[in-house]
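For reference, the structure discussed in these notes is given below.
The values are calculated or read from the model by the stated rules, or taken from the named source; none is laboratory data. Note that the structure is a prediction, hence the values are computed from the model and not measured. Cβ atoms come from the backbone with ideal geometry, glycine included; neighbour counts cover every protein chain shown. With ligands, DNA and RNA removed, areas are computed over all heavy atoms of the protein, side chains included. Shrake-Rupley method; radii C 1.70, N 1.55, O 1.52, S 1.80 Å.
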Amino acid sequence: MALFERDHHIYRDRDALREDYQPDELVGRDEELQTFQAALQPVINGEQPNNVFIYGKTGVGKTAATRYLLSHLREDASRYDDLNLSVVFLNCDGLTSSYQISTQLVNALRPETEQISTTGYPLASVYEMLWDDLDARSGTILIVLDEIDHVQDDSILYQLPRARANGNLDRAKVGLIGISNDFSFRDDLSPKVKSSLCEQEIHFPAYNATNLRAILEQRAQVAFHEDVLSSEVIPLCAAYGARDAGDARQSIDLLMKAGDLARDRGTEFVTEEHVKHGRRALERGRIKEGIMGLTEHGHLVLYALLTLDLEDETPIRSRDVRPRYTRFAEMANRDPLVPRRMRDHLSELAMLGIISVTERNEGRRGGTYREYALDMDVNLILSAMDDTVELVGVHESLSEYIDVDEFVADSDDSDMEFSPGSLSTDL
Ligand code: ADP
Ligand code: MG
C-alpha cells in the first residue's frame, strides 16, 4: 500500500489561495482601478508617464491591482508599433537604502552577463549607470517600487521622478509607481519628494465584509470543489476579516486554514467550526510571533506578570509587578530596568494584546493609575518564551503547566545552568 496518496476531496486547486496567486479579475475595486487606469493612460498615448503613489493598509489589493493593470497595459501597448514599454517591478522589503534600490534597478535593466556588484560603488556612479541604462532602453519605462515604506533615505525617490527635468535622461520616459502600506510614510516625505513622487495619489481603503465576501467567493470557486464549503463558511471568514483589519490576505489565509483542517480531519465539508478553529490557530500563531519578537526584558516582565496572574494577584499595578520582575532579572543575570522602562514594556505587551490594562481612579485625590492582567493562554505564552523560562528557572506557580523534568529533557540547550527544584522554591 502506498504511504502517500493524493487527496482531492476538498481542494480543486489549493495554490489559488496562496500569496503568489494572481486573480484574473479583481472584484469590488472598480473606482480605484478606474483612477489608476486613467493615471496610466499617458503611457499608451506615448506621453511622459505620471508618477503614481498608491497607499493603503496591507491586504487591500494594492499589489494585485498594480500587477493586474500593468499586465493589461503591457499587452495593450504591444499593439502599438511605436510604443516600447518596459516594466521593472521591485519589492523593497529588505532594501532600505537608495543605494540598494538603484543597484537592483541597474541589474534589472542589464543582461545576466553585465550585472554589477551591489556594494563598492559611490552612489553617484550607480546613478550614472542607471541613467545610461534607462536611456539605452529609450521608450517608456515604468518602475514599480512596492512596499516603498521600507526605504529609509529618499534620495532615489527624488532622483527618479526628476531625472528628466534634471537633464539626466534624454530619450527614456520614466514613470515611478510607489506603493506604500504605511500611511505615515507619505506625510514624512520631504515636500520636494512629495510633490514629484505623489503626482497622482490613489488611496485603497480597507475592505468591508461585503467586499471580502465577493473576493472570497471568487477565489473559492477556483480553489475548492463545488459544494464542499458549507454556506456559513465564507460569510464568517468575511465577517472576521472585516472586524480585524479589512485585509483580504488575512481572510484568504483563514479560508485556507479552515480548508486544511477539514482536509486533515478527512471530513467531506468545510464547516463553521473549521473556520472558528482555524481562526484561533492563526491568532495563536500571530501572538506567538509577537511574543518571540520581544526583547529579553519584555520577556522577563511578561514572565513576572504571568506568575503573578497564576497566583491570583492580578489585576496588578506596575509597582507591584516590579519586585518579581527585579528578582527574575537578577536570576537571569541581567540588570533590571528602571521602573519607567519596565512600565514601557507593560505598555508594549498591552499594545500587542497579550496583556490587558485598566485605568483606575485613585479616589478622592483624583489621580489615575493602571492595572495589568494577563489576557492570553498560559501555554501559548510559555511556548513562545522558553529561553526566558530556562534562564530564570521554572517558577513554582507553573508546576501544573510545566513538567520540570520534561522541560529540561526537551530543551536543545543541554549545558544550561538550571537546577529545577532549588530555583522554583525561593522565588
Ligand atoms: P496589498 O498589496 O494591498 O497588501 P494584495 O494586493 O497583496 O494586498 O492583496 C492581498 C491578497 O488579496 C492577494 O492574494 C490578492 O490577490 C487578494 N485580493 C486583494 N484584493 C482583491 C480583489 N479586489 N479581488 C480579488 N482578490 C483580491
Ligand atoms: Mg502588497
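Output the number of the condition that D244 fails; it satisfies all remaining conditions of (1) out of contact with any Leu (no Cβ under 7 Å at 6 or more places or on another chain); (2) within 16 Å of ligand 1 (Cβ to nearest atom); (3) touching a residue at least 12 places away in the same chain (Cβ under 8 Å); (4) open to solvent by 20 Å² or more (accessible area, probe 1.4 Å).
(3)
Just wondering, is there one or more residues in the range 93-115 that are more than 19 Å from E32 (Cβ to Cβ), within 16 Å of ligand 2 (Cβ to nearest atom), surrounded by 15 or more Cβ atoms within 10 Å (Cβ to Cβ) and without any contact (Cβ under 8 Å) to a residue 60 or more places away in the chain?
Yes.
Pick out the one residue from L197, L189 that is touching a Pro at 6+ places or on another chain (Cβ under 6 Å), more than 16 Å from ligand 1 (Cβ to nearest atom) and over 16 Å from L17 (Cα atoms).
Values: L189 fails: touching a Pro at 6+ places or on another chain (Cβ under 6 Å).
Selected residue: L197, the only one of L197, L189 that is touching a Pro at 6+ places or on another chain (Cβ under 6 Å), more than 16 Å from ligand 1 (Cβ to nearest atom) and over 16 Å from L17 (Cα atoms).
Which of the residues spanning the range 316-353 are farther than 13 Å from A304 by Cβ, of a type in the set (A, V, I, L, M, F, W, C) and at pLDDT below 95?
A350, M351, L352
Quick one: D24 ticks every box in (1) open to solvent by 50 Å² or more (accessible area, probe 1.4 Å); (2) modelled with pLDDT of 95 or more bar one, so which box is it?
Failed condition: (2).
So, in the range 25-52, exactly how many residues are more than 16 Å from ligand 2 (Cβ to nearest atom) and closer than 14 Å to L216 by Cα?
Start the filter on the range 25-52 by keeping residues that are more than 16 Å from ligand 2 (Cβ to nearest atom), which leaves 25, 27-28, 30-31, 34-35, 37-51.
Subsequent filtering for residues that are closer than 14 Å to L216 by Cα retains 25, 27-28.
Number of matching residues: 3.
Do any helices (runs of 4 or more DSSP H) entirely within the range 132-234 hold 1 or more residues that are among the hydrophobic types (A, V, I, L, M, F, W, C), surrounded by 21 or more Cβ atoms within 10 Å (Cβ to Cβ) and under 26 Å from the mean Cα position of the chain (by Cα), and if so, which? So that I can check it myself, show each step before the final result.
Details: elements: 155-162, 183-188, 191-197, 209-223.
Ranges flagged: 155-162, 191-197, 209-223.
So which residues in the range 367-377 are touching a strand residue (DSSP E or B) at 6+ places or on another chain (Cβ under 9 Å) and either among the hydroxyl-bearing types (S, T, Y) or assigned to a loop (DSSP other than H, G, I, E, B) (or both)?
G367, T368, Y369, Y372, D375, M376
Among (1) open to solvent by less than 30 Å² (accessible area, probe 1.4 Å); (2) away from ligand 2 (no atom under 16 Å from the Cβ); (3) within 25 Å of S138 (Cβ to Cβ), there is one condition D82 misses while meeting the rest; what is its number?
Going through (1) open to solvent by less than 30 Å² (accessible area, probe 1.4 Å); (2) away from ligand 2 (no atom under 16 Å from the Cβ); (3) within 25 Å of S138 (Cβ to Cβ) one by one, D82 breaks only (1).
Within the bounds of the range 299-309, is there any residue that is open to solvent by 40 Å² or more (accessible area, probe 1.4 Å) and among the acidic types (D, E)?
No: the range 299-309 contains no residue that is open to solvent by 40 Å² or more (accessible area, probe 1.4 Å) and among the acidic types (D, E).
Condition first: open to solvent by 20 Å² or more (accessible area, probe 1.4 Å), in contact with a Gly (Cβ under 8 Å, 6 or more places away or on another chain) and assigned to a helix (DSSP H, G or I). Now tell me which residues in the range 43-69 satisfy that.
Listed by number, the list is empty, since nothing qualifies.
Consider R18 carefully, then state whether it is open to solvent by 50 Å² or more (accessible area, probe 1.4 Å), within 16 Å of ligand 1 (Cβ to nearest atom), within 23 Å of the chain's Cα centre (by Cα) and farther than 27 Å from V193 by Cα.
Numbers: open to solvent by 50 Å² or more (accessible area, probe 1.4 Å): yes; within 16 Å of ligand 1 (Cβ to nearest atom): yes; within 23 Å of the chain's Cα centre (by Cα): yes; farther than 27 Å from V193 by Cα: yes.
Yes.
What residue, of T295, T314, is open to solvent by 70 Å² or more (accessible area, probe 1.4 Å), over 30 Å from E217 (Cβ atoms) and over 18 Å from the mean Cα position of the chain (by Cα)?
Numbers: T314 fails: open to solvent by 70 Å² or more (accessible area, probe 1.4 Å).
Exactly one residue qualifies, and that residue is T295.
Residue by residue through the range 140-159, note down the ones that are among the polar types (S, T, N, Q) and within 16 Å of ligand 2 (Cβ to nearest atom). Give the derivation first.
Taking the range 140-159 first, the residues among the polar types (S, T, N, Q) are 140, 152, 155, 159.
Of everything in the range 140-159, nothing turns out to be among the polar types (S, T, N, Q) and within 16 Å of ligand 2 (Cβ to nearest atom).
Filter the range 345-366 down to residues that are farther than 22 Å from K288 by Cβ and either part of a helix (DSSP H, G or I) or not β-branched (V, I, T) (or both), then give me how many there are.
Initial filter on the range 345-366 (farther than 22 Å from K288 by Cβ): 358-366.
Then keep just the ones that are either part of a helix (DSSP H, G or I) or not β-branched (V, I, T) (or both); that gives 359-366.
Counting residues in the range 345-366 that are farther than 22 Å from K288 by Cβ and either part of a helix (DSSP H, G or I) or not β-branched (V, I, T) (or both) gives 8.
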